[in-house]
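Colleague: The structure's right below; bear with me while I get my questions together.
The values are calculated or read from the model by the stated rules, or taken from the named source; none is laboratory data. Everything quoted here is computed from the prediction, not taken from an experiment. Cβ coordinates were reconstructed from backbone atoms using ideal geometry, including for glycine residues, and neighbour counts include every protein chain displayed.
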């Protein structure tokens, strides 16, 4: 004979479990796949040191994916190729990306996990010349030679006006700063902190500076392939980012690199 008191207790516990489970922390969630994630040498965000990959973006990625209960594998891929691979599904995720209408046709974008300032680097001894311009419209009239990273996004204003400049794209970040130092270009558009780190490493920190205005200051996202990533996995990752942002854990990592 069934003990009614015991069965009632079991039923209550079962109901409580059903009610509580949907609101469990994202830390217990699990994505449907192991993500292939592209990275490239991009100090201080993605750096290869002593056989391991580290840097701000890598630490942020690891914190986000651990919170979400998701696994990933890093693959060394040049930036422009990362974009192409995410589009074709040969890569599941790219780091440090700006959200654009064009990219949104073939990729999902996570919640923002940090911001990015795209600065305008020049030689210090030419500051007076180029600082006469206070925006891209005025800078275009001065006719500088400009170098950029191939496939990078420098904001909506630059996208509209770039055809008015003589632009030379390169495939890696370090040569951008080198070319500016040896006067092979007049202006370099690149991430503010990346440019500062490279200028210091190359012994150019006193020879280079930035204009007082920036190309862009935008939110940065994880970019995920619509070919291989499910909307439910995107949602799991987004909940993790929101929780980590609210708790201040993402900002604490960012500040260690500033």
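Colleague: Could you check region 162-183 and list, in sequence order, the residues that are loosely packed, with under 14 Cβ neighbours inside 10 Å and either within 18 Å of residue 213 (Cβ to Cβ) or in contact with a strand residue (DSSP E or B) (Cβ under 6 Å, 6 or more places away or on another chain) (or both)?
Modeller: Once the filter is applied, which keeps residues that are loosely packed, with under 14 Cβ neighbours inside 10 Å and either within 18 Å of residue 213 (Cβ to Cβ) or in contact with a strand residue (DSSP E or B) (Cβ under 6 Å, 6 or more places away or on another chain) (or both), region 162-183 yields 164, 166, 169.
Colleague: Are any of the residues in region 184-201 surrounded by 17 or more Cβ atoms within 10 Å (Cβ to Cβ), out of contact with any strand residue (DSSP E or B) (no Cβ under 9 Å at 6 or more places or on another chain), closer than 30 Å to residue 166 by Cβ and assigned by TED's automatic domain parsing to the domain that holds residue 136?
Modeller: Yes; the residues of region 184-201 include at least one that is surrounded by 17 or more Cβ atoms within 10 Å (Cβ to Cβ), out of contact with any strand residue (DSSP E or B) (no Cβ under 9 Å at 6 or more places or on another chain), closer than 30 Å to residue 166 by Cβ and assigned by TED's automatic domain parsing to the domain that holds residue 136.
Colleague: Out of region 130-161, which residues are in a helix (DSSP H, G or I) and closer than 21 Å to residue 82 by Cβ?
Modeller: Result: 158, 159.
Colleague: Test each condition in (1) at pLDDT below 95; (2) out of contact with any helix residue (DSSP H, G or I) (no Cβ under 6 Å at 6 or more places or on another chain) for residue 151 and report the one that comes out false.
Modeller: The single condition residue 151 does not satisfy is (2).
Colleague: How many residues are under 15 Å from the mean Cα position of the chain (by Cα), part of a strand (DSSP E or B) and under 15 Å from residue 38 (Cβ atoms) when one looks only at region 49-75?
Modeller: 1
Colleague: In addition: Looking for whichever is part of a helix (DSSP H, G or I), surrounded by fewer than 21 Cβ atoms within 10 Å (Cβ to Cβ), out of contact with any strand residue (DSSP E or B) (no Cβ under 7 Å at 6 or more places or on another chain) and free of Cβ contacts under 8 Å to residues at least 12 places away in the same chain here; the options are 243, 235. Which one fits?
Modeller: Only one candidate passes the filter, namely 235.
Colleague: Now for a different question. Suppose the filter is buried (at least 21 other Cβ atoms within 10 Å of the Cβ) and not in a helix (DSSP H, G or I); does residue 108 pass it?
Modeller: Yes; evaluated as a whole, the condition is true for this residue.
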